[in-house]
Every structure is written in C-alpha cells, then in structure tokens.
Amino acid sequence: MSSEVLGLILEMDAVKGLLQEKGLTLSSNNKFVDTMTEINRVQSIADELNKKLEEQGTVSSNDMVLMNETLNTLKQRMEEMALNLETLAAEVGHVQTVQASAVTMLQNLTDELTRVSAELALQATPDTTELDALIADMKTSTDALAGAVANSADVHAVETVILHADEPTVPTVEVTMPAVLPPAVEVSAELAPGVTTVDPASPEPQVIISVEPAPAVDAAAPAPAEAPVSEIIATPEGQTDVEVSAPAADHAEILADTGVDIVEEAVAAIEATPEVVAAPEVVAEPEVTVIMNADNPAVPTVEVTMPEILPAEVIVSAEPAPGVTTIDPASTEPQVAITVEAAPAADPAAPAAPMVSEVIATDPGLTDVTVSAPADEHAAAITDLGVDIVKEAVAAFEATPEVTAEPEAPAQP
C-alpha cells in the first residue's frame, strides 16, 4: 500500500508542477495543497497499519479505534476543504491535460482506499464505516471533477500577469487573458480570495481581472442603456486590432468599490505581456461583382459575386436580391444575388450529394474550373427565381476579364 500511495503523491507533485508552469499560484490554504496533506496522512496511516500487520499478523481493537478516529478526522478535514474540488477544477479549467491528470489521481486514490477497506474487512470484524463513507465521498468528488473536464473541451492557453505589486498607492491586480486575443474581448473582475477591503499598499493581488472573448452580439436584444466602456489596442501589422470593453454599469461599480479601472488595467496587462498576441488579421480574398441580363427584359437581372481567382472547384448558391420579394424579369435592377465560392472539401465518409456541374475550359497554363450547385438548390432556383445559377455563374466568368483561374499545377516528374 505504501509504495502505491507514494506513487500518488509523486503524481500529485507532477500535477502541481504543471499548474505552476501555467502560472497558477498555489497558496498555503489552497485546496490542492490540502489534498497533498491529506494524502500524506493516508500514507502515514497505511505505514502504521502495515507495520502492525507485519509485527502481529492482525490489528488490535485499540489500533482499529485509532484508525477510525484518524479516518474520522481525515473525513472531517476533507469535508471542510470542500471535497467536491470545485476550486481545483476552476484552477485547472484552462489546462485540460492537468485536469485529466487530476481525475486520474483521484480515481487511483479512490481505488486504493477501496482496497484498504477490503483488506481491513478480512481482519476479524473491524468497523470500516468511516473509511467506506470517505470512499463514497471521494467517488462523488471524482465524478464531479470528471464532469468538469468533459465540459472543458474548448480550453485555450492563457497568460496571467500581476500589475502594481511594487506601487503602494495603486491596488495590485492579477489579470488573466487568452494567449491569443480575438478581435473583441470583454473584461470582468472580482475581489481576490480572502480580500474584503482593497488595500492599495499590499503587494498581494487585491482584484482578479478576467479577459475573455466577448460574447456574440444578439441583434434582437435591446441595446444597453449605456454604451460599454471600451478601448482599442492597435496591434502590429498582420494582427487584428483588439477592442477591450466592459459593460458600463460593471465598470463604474468596480471603479467605485476598488479604485480599479478594469478596462485600463486589462489594456496595460496585454501591452506588458509579450507572450500575448492578437489573432492574425483575416485578409479577405479579392472579389469581383458583375451584373448580368440587365438589358434582357425576359430574363431576371442577376448580380454574381465571385473570387478574383477561381479555384479548381467552386460551388454556386443564390437568393433574392436585398429588398426583392417577387422576381421581376423586366427590371434592370438585380433580382437575384448569386454567390460563387470555393467548394468545401469533400467528406469521404459522407455519401456524395447529386450535383449539377459545368466545366469551364481555361487558357493554357490555368486550371480548368468545375462550377457546381447541389441538384435540389439548382432546381429550386430555376423554379422560384427563374435562373439557372450554374449557367449564370459560367457566363459571368466568361464575361469578366478581371476574373481568372488558378495557375495549373506543374506536372509531377
């Protein structure tokens, strides 16, 4: 038993090291540290029990009383430290591999305690009630943490920085942010654990600031009464500028309560942390738009948008032009908007959908282009819009000298 529990302690040390590598500070009252202490206590109990078994071949009633008292204390201690391990799950929430390691460690420990209980049950008629209750609690806690791991598939690398620790007149803050910033982030904050009144002179973090991707804007939701407090970070060429914002009410409340401007601090933290970068700038492929059939009152006027350089496979889609509810073939204004874009990669596991296709033979040195549309969408466009979208796309390409095809790949030797 002792060697196996020692293995668990070594594993816990490895998890602790990974946490520290990710910038997660383990304070002296941290539940992770408490768990280490309790495992050491289990080892001590196991060592003593093994020693008694080796010397006596059995365990006396006094030993069992001591064992149960110790386990009762252990159980109480672990209940006090919130055995559900929510704090541990939160601390490793951005490090999936560490979470998985923690789950494995707890499962191993639970199995080990189960084995101890079984061994004790074989020794005369000892009372293992307390130990069995502890095992049940451990199983419940492990299941809860495993659920936290399962729900954190979208974890991202983060960076943490502490600001103002050497400035006695400004509250020390701890800022956690994504290592790669999206174009829009939202800032929130709370008092650091154990802090009830902000002490600007303390070098320990007084306010914990979180920088996270801003939620998607709900176009149907009413606009907030006050515009968010925001600041734009201009990034180096090739990266996307980042808008850092916080809801106006939250920003004002935190500033009044703590003296901390969370948007200003988040911007300062980002600028002070070279490991944090903005997402690469997305460069849109040049597109060309052409109007077809405007001079033909018998055929709907269409607007075709397509890449300036067509790949070898393109797919076509269409919808009524903005503001058009009934197609009017005689109108010179676009009635149908046709979009030509690169065809998605085929899924070899999915059955091939019926397509309507036409191949454009290009000039020497260029790749021929296959223009396609799903057969059902092609038929619907003819019925509902009065337009053969594949033919219109081909005609638009042939009528637009600015649009070309990709260069032909060189022949393999």
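Each value in this text was obtained by applying a stated rule to the coordinates, not by laboratory testing. Note that the structure is predicted; figures quoted are calculated from it, not measured. We place every Cβ from the backbone using ideal geometry, glycine too, and count neighbours over all the protein chains shown.
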For Thr332, what is the net charge nearby, where nearby means another residue's Cβ is under 15 Å from its Cβ and Lys, Arg count +1, Asp, Glu -1? -4
In this structure, the FRET efficiency calculated for Ala216 and Thr305 from their beta-carbon separation, with R0 = 25 Å, to the nearest 0.05, is 0.50
Cut-off 17 Å, label point 7 angstrom out along Cα-to-Cβ of Asp250: give me the residues of segment 196-214 whose amide nitrogen falls inside. 207-214
For segment 221-230, just list the computed ³J(HN,Hα) in residue order, Karplus coefficients 6.51, -1.76 and 1.60, θ = phi - 60°, integers in Hz, with x standing in for Gly and Pro. 7, x, 5, x, 4, 10, 5, x, 7, 9
Taking r as the C-beta separation of Thr326 and Val282 and R0 as 35 Å, the FRET efficiency to the nearest 0.05 is 0.45
Any chance you could run the full-extension gain for Glu313 through Ala268? It's 0.36 nm times the residue separation minus the Cα-Cα distance, nm to one decimal. 11.5 nm
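To check you understand DSSP bridge types, tell me what percent of the beta bridges within segment 287-405 (both residues inside) are antiparallel, rounded to 5.
That works out to approximately 70 percent antiparallel.
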How many percent of DSSP beta bridges within segment 313-380 run antiparallel, rounded to 5? 80 percent
